[in-house]
1. Applying the selection to region 137-154, what residues are free of Cβ contacts under 8 Å to residues at least 60 places away in the same chain and on the phi > 0 side of the Ramachandran plot?
2. Can you say whether Ala97 is within 26 Å of Thr190 (Cβ to Cβ), touching a Leu at 6+ places or on another chain (Cβ under 7 Å) and assigned to a helix (DSSP H, G or I), as far as the supplied structure shows?
3. Among the candidates Phe100, Phe36, single out the residue that is under 16 Å from Ile254 (Cβ atoms), surrounded by 14 or more Cβ atoms within 10 Å (Cβ to Cβ), touching a helix residue (DSSP H, G or I) at 6+ places or on another chain (Cβ under 9 Å) and of a type outside the set (S, T, N, Q).
4. Find all pairs meeting these conditions: Cβ atoms under 9 angstrom apart; at least six residues apart or on different chains; first residue within region 103-118 and closer than 23 Å to Met193 by Cα; second residue assigned to a helix (DSSP H, G or I) and not hydrophobic (A, V, I, L, M, F, W, C).
5. Quick check on region 180-195. Is at least one of its residues surrounded by 14 or more Cβ atoms within 10 Å (Cβ to Cβ) and within 18 Å of the chain's Cα centre (by Cα)?
6. Does region 240-250 contain at least one residue that is modelled with pLDDT of 85 or more and more than 20 Å from Ile69 (Cβ to Cβ)?
7. So, in region 102-131, how many residues would count as being of a type in the set (A, V, I, L, M) and either over 24 Å from the mean Cα position of the chain (by Cα) or not assigned by TED's automatic domain parsing to the domain that holds Leu162 (or both)?
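The values are calculated or read from the model by the stated rules, or taken from the named source; none is laboratory data. Predicted, not measured: the structure shown is a model, and the values here were computed from it. When we count neighbours, we look across all protein chains shown, and the Cβ atoms used for this are built from the backbone with ideal geometry, even at glycine.
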Amino acid sequence: MAWNRKTKRRVYHTILHAVIISLSLVFTFPFLWMLFTALKTPQELLQGTAQFFPSDPQWDNFVTAVTTIPFLLYLSNSLLIVTSVIAGTLFSSTTAAYAFAKLRWKGRDKWFLVMLATMMIPLQVILIPMYIMYARIGWLGTRFPLIIPAFFGGGAAFYIFLLRQFFKGIPKELSESAIIDGASYIQIFTRIMLPLSKPAIITVALFTFLGTWNDYFGPLIFLSNPDQWTLALGLRAFQLQFGGRYDLMMAASILIMLPTLIIFFLAQKQFIEGITFTGIKG
């Protein structure tokens, strides 16, 4: 008997959900392995993969991971750098994207291509000139090399492109009506463009948070004082001290990864909207 359209749709959705659930289990397996490893005893770790689930969960491993190193100090340093970089990146990327999308000025498209070309330059190419420049102005050993460039568009070429595409999708009639009403370009930017671009702005903030929170190379190069270390450097120091204790290593890694997961789940709706709208506009 031939299937009707409703039955075919039900079978299709059943198969689709089965595939999605299977893939989700595959992608969540590493996190589950980290969690179960963090809860094992040293004796259970010696058994390798013979015992996947911990027989007696050791929740004290998380307390040990936090108290062994100055976790709160590293956390405050990471939050300071992350919030500053997010603020600087949003300021520089939104203003530049608005200029490229809505303002008319000589050489705009050519400079936009030059800006896009900077994404092709590897960090290793400009690392030595940057290091020499920061050394001459006395910024080595401070947080300035990690924060100040964000306020001038450092590393934000992709975010400028992302926001420009979103701004170009906003009807120009809104700007023209505001100009007729006597609004300035700054007022149009702050009262029209930014409120309508919240999904894209949240997307840029999430990308910036992920990149800065997980950044190990930048703090390693420019920070020399342990009191200024971020969680990424603290985790490396923890690994050197407890490299053989995989239970403590996984516990510390989960604690560092937890803010990223929480923020993503809280803002995943805006993140998906920002990516989707940016892809179909402009």
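1. Gly138 - this is the single residue of region 137-154 that is free of Cβ contacts under 8 Å to residues at least 60 places away in the same chain and on the phi > 0 side of the Ramachandran plot.
2. Values: within 26 Å of Thr190 (Cβ to Cβ): yes; touching a Leu at 6+ places or on another chain (Cβ under 7 Å): yes; assigned to a helix (DSSP H, G or I): yes.
Criteria met by Ala97.
3. On the way: Phe100 fails: under 16 Å from Ile254 (Cβ atoms).
Step by step, each of Phe100, Phe36 is checked, and only Phe36 is under 16 Å from Ile254 (Cβ atoms), surrounded by 14 or more Cβ atoms within 10 Å (Cβ to Cβ), touching a helix residue (DSSP H, G or I) at 6+ places or on another chain (Cβ under 9 Å) and of a type outside the set (S, T, N, Q).
4. Pairs found: Leu103/Tyr185; Phe112/Arg164.
5. No, region 180-195 has no match at all.
6. Looking for residues that are modelled with pLDDT of 85 or more and more than 20 Å from Ile69 (Cβ to Cβ), one finds none in region 240-250, hence no.
7. First pass over region 102-131, keeping only residues of a type in the set (A, V, I, L, M): 103, 113-117, 119-121, 123, 125-128, 130.
If we keep only those that are either over 24 Å from the mean Cα position of the chain (by Cα) or not assigned by TED's automatic domain parsing to the domain that holds Leu162 (or both) as well, we get 103, 113-114, 128.
Total meeting the criteria: 4.
Okay, residues lined up against (1) in a helix (DSSP H, G or I); (2) touching a Lys or Arg at 6+ places or on another chain (Cβ under 6 Å); (3) more than 16 Å from Thr89 (Cα to Cα); (4) not assigned by TED's automatic domain parsing to the domain that holds Ala97:
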{"site": "Phe158", "(1), (2), (3), (4)": "yes, no, no, no"}
{"site": "Leu163", "(1), (2), (3), (4)": "yes, no, no, no"}
{"site": "Ile170", "(1), (2), (3), (4)": "no, no, yes, no"}
{"site": "Glu173", "(1), (2), (3), (4)": "yes, no, yes, no"}
{"site": "Ser177", "(1), (2), (3), (4)": "yes, no, yes, no"}
{"site": "Phe189", "(1), (2), (3), (4)": "yes, no, yes, no"}
